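What follows is a set of notes on a single structure, which appears directly below.
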Amino acid sequence: MSQIRDIALAPSGAHKIEWVRRNCPLLRSLEEDFSKTKPFAGKKIALSIHLEAKTAYLCKVLAAGGAEMYITGSNPLSTQDDVAAALVEDGLNVFAWYNATDEEYNTHIREVLSHGANIIIDDGGDLVHMLHTEKKDQLSHVIGGCEETTTGIIRLQAMAAAEQLEFPMVMVNNADCKHLFDNRYGTGQSVWDGINRTTNLIVAGKIAVVAGYGWCGKGVAMRAKALGARVIVTEIDSIKAIEAVMDGFEVMPMKEAAKYGDFFITVTGCAGVIDEEDFLEMKEGAILCNAGHFDVEIDMKRLREIATKQEEMRNNIIGYTLPTGKTIYVLAEGRLVNLAAGDGHPAEIMDMSFAIQALSAKYLAEHAGELKDKLIDVPREVDLEVAERKLRFLGKEIDVLTSEQEKYLNSSSL
């Protein structure tokens, strides 16, 4: 049933998944719990998340809970073929391969949604979108879903506002144990891992332009500063811009920043953040990459149109010679640089994010048919359970309020 490149790659993928398992104590504890309680018994889960080893281990945890898994990737360049093969070897259903064409990518999503999934786990909204367009015949099976990332939640909010969303979705990205750690520390480290391993160039002493100062942008800017770069932030939100200034960064429009940057990292969730006018202002050798979910933040279509020459410089680096005579470089085709040119977020970070995912899916299974709202926050008790488990695994303890302190805080006469 599965559609993958090569089952013979499974041993390599299994080694990767085992490394993740060893470094994800939260997911290990949930796997043990789920193996006993089987919260997903009789349930089918359709999942579309970047298909690498950490996602694979989440799939195995859900399968341990009784779920029948149907899995694909959420980006054509982030699927690792050996990991996909390892999951198939373990009896899970996988429809994905590295460097899929747009047609193949959509075929894989279509296949995942053809088996009556009860729970949707999405990263960017492609599963939900197709369910509401091409695969409406499958909607009756769905009790709800979970969305992993900011971009997906933006899409869900638009659907909900237009009264088009047909089932409840848990906004996993908005959980404190997700965005405060995954978006900030995970993105910050993994983006620069991808840039550094791809370019093999020094960061210290250069200028990094970070487009967007949400939680992901904060992490990217923080790590750039730690590597010795001078950081310029571009923003459309005046409050976030003030925050960037008070965090010690320069703030200016992209049209101005384009003149100065050595590295450009987009992380906004919006399209056309770097456009033709910006390309033409850039200096020789500027390096561009994207850390937003979709490959629309850098206007790659227009860049290809105006370039007088295109040349592959290294794996995952294309040089574009501009009409000005200068050459600028784009990493990973403008797709997610931390996954298309790296291994994504550190395992310990995804341990928290995927624990939120697993417990949110469990919440949906336990409350099937009861949820009236279409957009649902992660229950506070789920956030706190993940935080408390994580602290225990870190070997840390915190204070506990005494009964007198609780009485004081709950008093109306402070």
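The values are calculated or read from the model by the stated rules, or taken from the named source; none is laboratory data. Small disclaimer: the values here were computed from a predicted structure and weren't measured. For neighbour counting, all protein chains shown are included, and Cβ atoms are generated from backbone atoms with ideal geometry for every residue, glycine included. Calculation scope for accessible area: heavy atoms of the full protein, side chains included, ligands and nucleic acids excluded. Shrake-Rupley method; radii C 1.70, N 1.55, O 1.52, S 1.80 Å.
Is there a quick way to get the dipole size of the chain? I mean about its Cα centre, with the Cβ of Lys and Arg at +1 and of Asp and Glu at -1; what is the value in debye to the nearest 20?
Its charge dipole is roughly 600 debye.
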Dipole check, the chain, charges on Cβ (K,R +1; D,E -1), about Cα centroid: among 65, 330, 24 the Cα furthest to the positive pole belongs to 24
If you count, for each residue, the other Cβ atoms within 10 Å and average over each peptide, how do 73-79, 403-409, 235-241, 270-276 line up from highest to lowest? 73-79, 270-276, 235-241, 403-409
Along the positive direction of the dipole of the stretch 181-306 (beta-carbon charges: Lys, Arg +1; Asp, Glu -1; about the Cα centre), which of 185, 273, 238 reaches farthest? 185
Assuming R0 = 30 Å, what is the FRET efficiency of residue 252 and residue 162, from their Cβ-Cβ distance, to the nearest 0.05? 0.30
How much of the DSSP bridge set in the chain is antiparallel, in percent, rounded to the nearest 5? 20
Take the Cα atoms of the stretch 244-365, build their convex hull, and give its volume per residue in Å³. 143
Figure the gain on full extension for residue 5 and residue 373 (residue separation times 0.36 nm, minus the Cα-Cα span) and round it to one decimal in nm. 128.5 nm
If packing is taken as the average count of other Cβ atoms within 10 Å, what order do 105-116, 173-184 fall into, highest mean first? 173-184, 105-116
I'd like the trypsin sites (Lys or Arg not before Pro) in the stretch 267-313 restricted to DSSP loop residues with at most 16 other Cβ atoms within 10 Å, sorted by number. 283
Subtract the Cα-Cα distance of residue 242 and residue 22 from 0.36 nm times their separation in residues, and report this length gain in nm to one decimal. 75.1 nm
Surface share of carbon and sulfur [accessible, 1.4 angstrom probe, percent] for the chain: 50
Mean accessible surface per residue for the stretch 264-405, computed with a 1.4 Å probe while every protein chain stays in place, in Å²: 48
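Take the cross-link list 60/135; 178/240; 16/44; 259/301 and give me the ones stretching past 31 Å between alpha-carbons.
Pairs exceeding the cut-off: none.
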Which percent of Cα pairs goes in each bin when the distances of the stretch 278-344 are cut into 5 angstrom slices starting at zero? 4, 19, 30, 26, 15, 6, 1, 0
Enter the accessible area per residue of the stretch 84-158 (Å², integer; probe 1.4 Å; all protein chains in place). 36
Run the quick spin-label model on residue 313 and residue 284: label points 7 Å from Cα toward the beta carbon, then report their separation in nm to one decimal. 1.2
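If each residue of separation counts as 0.36 nm, what is the full-extension length gain between residue 324 and residue 380 once their alpha-carbon separation is subtracted?
14.7 nm
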If ligands, DNA and RNA are left out, what is the accessible area of residue 35 with a 1.4 Å probe, given in Å² to the nearest 10? 60
Gyration tensor verdict on the stretch 348-403 (Cα atoms; rounded if a/c is under 1.5, prolate if a/b is larger than b/c, oblate otherwise): oblate
Kirkwood Rh and Cα Rg combined as Rg over Rh, evaluated for the stretch 187-278: 0.93
